[in-house]
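The values are calculated or read from the model by the stated rules, or taken from the named source; none is laboratory data. Only a predicted model underlies this, so the values are computations on that prediction, with no experimental measurement involved. Quick reminder, even Gly has a Cβ in these numbers, built from the backbone with ideal geometry, and neighbours come from all protein chains shown. For accessibility, only protein heavy atoms count, side chains too; no ligands or nucleic acids. Shrake-Rupley method; radii C 1.70, N 1.55, O 1.52, S 1.80 Å.
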Amino acid sequence: QVQLVESGGGLVQAGGSLRLSCTASGSINGLGNMGWYRQAPGKEREPVAIVTSSGETHYYGSVKGRFTISRDNAKNTVFLQMNNLKPDDTAVYYCWAIQYMTFNSWGQGTQVTVSS
């Protein structure tokens, strides 16, 4: 399976911005959709945004209009630009990828903390 390495988390004030990156390496054959999930304390992991290999994007919940997902297929990298961050966006953000529409891989997670 593919290995996913995330970067870009941190602490930011409400209204600020952060950009997350995630690069896939290793056995990347059959790499399909990539995206981001997040998990806040005491809550279940939830989808944030997904991008297909052809660049089609999908956003979930309250991030619509504030977050932008993009992908560089040549570098096997997915990005998440997060603008107008809110305290409710505080969570561990996980990179996700699927291969051959079957095999799911996850990154180790990166903490995003938004202070009010």
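Just a few scattered comments:
- Sequence-distant residues sharing a close amide H with S27 (under 5 Å, placed H): Q3
- Applied to segment 22-36, the Karplus parametrisation 6.51 cos²θ - 1.76 cosθ + 1.60 on θ = phi - 60° returns per-residue 3J(HN,Hα) values of 8, 10, 8, 9, x, 7, 9, 4, x, 5, x, 4, 10, x, 10 Hz, with x for Gly and Pro.
- Where labels lie 7 Å past Cα in the beta-carbon direction, separation of D88 and I28 in nm: 3.5
- Carbon plus sulfur fraction of accessible area for segment 1-108, probe 1.4 Å, in percent: 49
- Note, ³J(HN,Hα) from phi for segment 5-10, Karplus 6.51, -1.76, 1.60, rounded to Hz, x at Gly and Pro: 10, 9, 7, x, x, x
- Computed extension gain for Q1 through T52, at 0.36 nm per residue and net of the alpha carbon distance, reaches 16.5 nm.
- Extension gain, K43 to S115: 0.36 nm times the residue separation minus the Cα-Cα distance gives 24.0 nm.
- Taking amide hydrogens as placed 1.01 Å from N in the peptide plane, the amide H of R71 sits under 5 Å from those of F79, each at least 5 positions away in sequence or on another chain.
- Karplus 3J(HN,Hα) series, Hz, for segment 48-60 with 6.51 cos²θ - 1.76 cosθ + 1.60 (x for Gly, Pro): 10, 7, 9, 10, 7, 5, 8, x, 5, 10, 9, 10, 10
- Those lysines that a straight Cα-Cα span of less than 26 Å connects to K43, excepting residues fewer than 8 apart in one chain: K64, K86
- On a per residue basis, the chain carries 52 Å² of accessible surface, using protein heavy atoms and a 1.4 Å probe.
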